[in-house]
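Below is one structure, written out as structure tokens; comments come after it.
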Amino acid sequence: MRVIEYESPRGRAPAPRSCCATFRAALIGSLAVVALASVGGCATRNQLDFVPARSGSPIGDFLSAYVEGEQQEWTFEGAEIVEVDVESVNGDVIIVADPRYKNTRVTMLPQAVNGYERGDEAKAAVTRVTAQVDKVPGDLGPRIEVRTSTTDPEPYYIRAHVTIEAPSIEGVRVRTSRGNVMLKNVAGAIDVSTTGGNVRLMTPQPLVKPVTIVNKDGDIDYRVRGESTGYFDMATVGGIIKLRCRYGRWIAVDPGNTQDRMVASLNGGENPVVLRTVDGDIRVAVVSNPMEVGLFIVDP
């Protein structure tokens, strides 16, 4: 069996216009907004550097009959370590750990995208989205459980965007669809499944427990420091796998590795890291600052 070994020499890291003219002007304005957003500033507690709920285009919002409902919020006092378990009907899930937070905060923003000339239906649809948020005993401590649901007859058009911010998070499980998933500064075992969106896991915390990320119609970005370990089993259909290992010891253990299928180990780890997607790329980066990245990732 052919073994390819890589170990970085750096070691581990520390007048009234026509309809066409109006459309063109709106389109140019929309592109300008998107361009400015891509070079935007730093993230805050209420502004995270990931794909927002809105399309970023007034034309796109108009054609999709974009309607937002009233945001709901829950707060749990205390700076304890928590697990997170989310099951959402559809929509983005953003989970962020930051020791500067003094409590755990959960928000759910309902959204409906029923389509052109269906704005009234979308307005009614967002009122049919609900969320149940509980703090229950978990495997290692308290667990924050979030469940979103809808009684709308057309749930395909419903989105329930969930954001969870806590001082420390160890252990994450996410089940959603038609939405992005972003995990920042988390630790512990990770289990994520989504469709129609990108998954971004970025953490300076050593990941030494099992990780499973399954996606469809979207990319997977796995960004960690050199202290992490793992036995990687990665595959994509309709995409490619890209790797950048600046720290740690990366060994490709399968002679049949290709650009869309790879088995390898990081630092001799035995904890499984399973990454799967369809019609999307997989990017793995082992770098000194995994969270130092912009809105868009082209290379790891």
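No value in this document is a laboratory result; all are computed from the given coordinates. None of the values given here were measured: they were computed from a predicted structure. Backbone-built Cβ (ideal geometry, glycine too); neighbour counts: all protein chains shown.
How high is the FRET efficiency between ASN289 and ASP233 when r is their beta carbon distance and R₀ equals 30 Å, given to the nearest 0.05? Efficiency at R0 = 30 Å is approximately 0.70. Decide, for segment 141-290, between rounded, prolate and oblate: order the square roots of the alpha carbon gyration tensor eigenvalues as a ≥ b ≥ c, take rounded if a/c falls under 1.5, and otherwise choose prolate if a/b is larger than b/c, else oblate. It is oblate, given that a/c is not under 1.5 and a/b is not larger than b/c.
Taking a ≥ b ≥ c as the square roots of the Cα gyration tensor eigenvalues, with a/c under 1.5 meaning rounded and otherwise prolate when a/b beats b/c, else oblate, which class fits segment 131-229? Judged from the Cα gyration tensor, segment 131-229 comes out oblate (a/c at least 1.5, b/c at or above a/b). Shape class for segment 209-300, computed from the alpha carbon gyration tensor (a ≥ b ≥ c): oblate, with a/c not under 1.5 and a/b at or below b/c.
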